[in-house]
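Heads up, the thing below is written out as structure tokens.
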Amino acid sequence: MFSFSVTVLVLIQVIATSGGQSVSDERNQQTCVSAGVPGVPGSPGVNGSPGRDGMKGEKGMNGEKGLVGDDGLQGIKGEEGREGKKGIKGERGLVGDVGGKGNAGKIGPQGPKGPHGLQGIKGETGRKGEKGEAVTVNWKQCVWYRQDSKDSGLIQNCNFRKHASNSSLHVAYAGTLRVYCSSGSCCSRWYFTFNGNECSGPMTIEGAVHGDPANDNPHRHRQIEGYCENIPAGQVTIGFNIGKCNGYSTTYDGYTGHLSVSRIMIAEVPPSQK
């Protein structure tokens, strides 16, 4: 920009000088025959102010893609993140193979009784059973009115004829019984015998009456009964007896039939179901 300004000034000076010389020459030609000596050149002018910036040029084209650099070193492992939220429940999986048979579990408590079921189909008629011994109604009673203060032994016998060998005998006593003691506790036992022996089919037929001094002379109506099996057919002597209670070492003051009727009742019945 500076060289441009200098050039312009020089040109202006030259033109001015040339112009002036031509006029002077014309005049000198009219007045004088020869030209004068040229003057000394002037000093360079002051530099002009800098010009304004030019307009921005257009954007250049993109360069070619550079080469891929080498892989960097593996970074340090970061801290473990917080536990994520629970995911959505997945779909139900396929049914697995059947496992082996497990051990038998403990028997649970008995459940409540269920409703009655429908009536079943009528079954086939069973085979006719073998003919058994006929048992007709066969019974007897022995009755007496007597007060017996015996503490041990036979109270009353009653004879009975049994028809069948496989039948059972039902025996019963009904009447007033009492046991008394002045101190402590006491007990008397009344029981049946069959031909002198107590019943063993299945067990004895007996009744134990307990007493204490607080109950003064406790005469009460009582009944002792049961069934006895395995007694052969024929004459059977049935006795009603009194004696010691099991667990007591002595007999006590027993009383049978106080101011009342006593009776032994006997009946032959078919065998019991199995």
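Checked against (1) in contact with a His (Cβ under 6 Å, 6 or more places away or on another chain); (2) closer than 17 Å to C186 by Cβ, A267 passes all but condition (2).
Just one of S249, S262 is out of contact with any Pro (no Cβ under 7 Å at 6 or more places or on another chain) and touching a residue at least 40 places away in the same chain (Cβ under 8 Å); which is it?
Numbers: S249 fails: touching a residue at least 40 places away in the same chain (Cβ under 8 Å).
Result of the check over S249, S262: S262.
Residue count for the stretch 105-140 under the criterion of being of a type in the set (S, T, N, Q), loosely packed, with under 13 Cβ neighbours inside 10 Å and at pLDDT 95 or above: the result is 0. Is it true that some residue in the stretch 60-74 is at pLDDT below 80, assigned to a helix (DSSP H, G or I) and exposed (fewer than 10 other Cβ atoms within 10 Å of the Cβ)? Within the stretch 60-74, not a single residue is at pLDDT below 80, assigned to a helix (DSSP H, G or I) and exposed (fewer than 10 other Cβ atoms within 10 Å of the Cβ). Within the option set S165, S200, S183, being small (G, A, S), touching a residue at least 24 places away in the same chain (Cβ under 8 Å) and over 25 Å from S249 (Cα atoms) holds for one residue only, S165. Can you tell me which residue within the stretch 209-234, out of those that are over 17 Å from A174 (Cβ atoms) and of a type in the set (A, V, I, L, M), is farthest from the chain's Cα centre (by Cα)? Per the stated criteria, the residue is A233.
The numbered conditions (1) more than 53 Å from the chain's Cα centre (by Cα); (2) buried (at least 16 other Cβ atoms within 10 Å of the Cβ) are all true for T237 except (2).
The values are calculated or read from the model by the stated rules, or taken from the named source; none is laboratory data. Note that this is a predicted model, so its numbers are computed, not measured. All Cβ positions, even for glycine, are placed from backbone atoms using ideal geometry, and neighbour counts span all protein chains on display.
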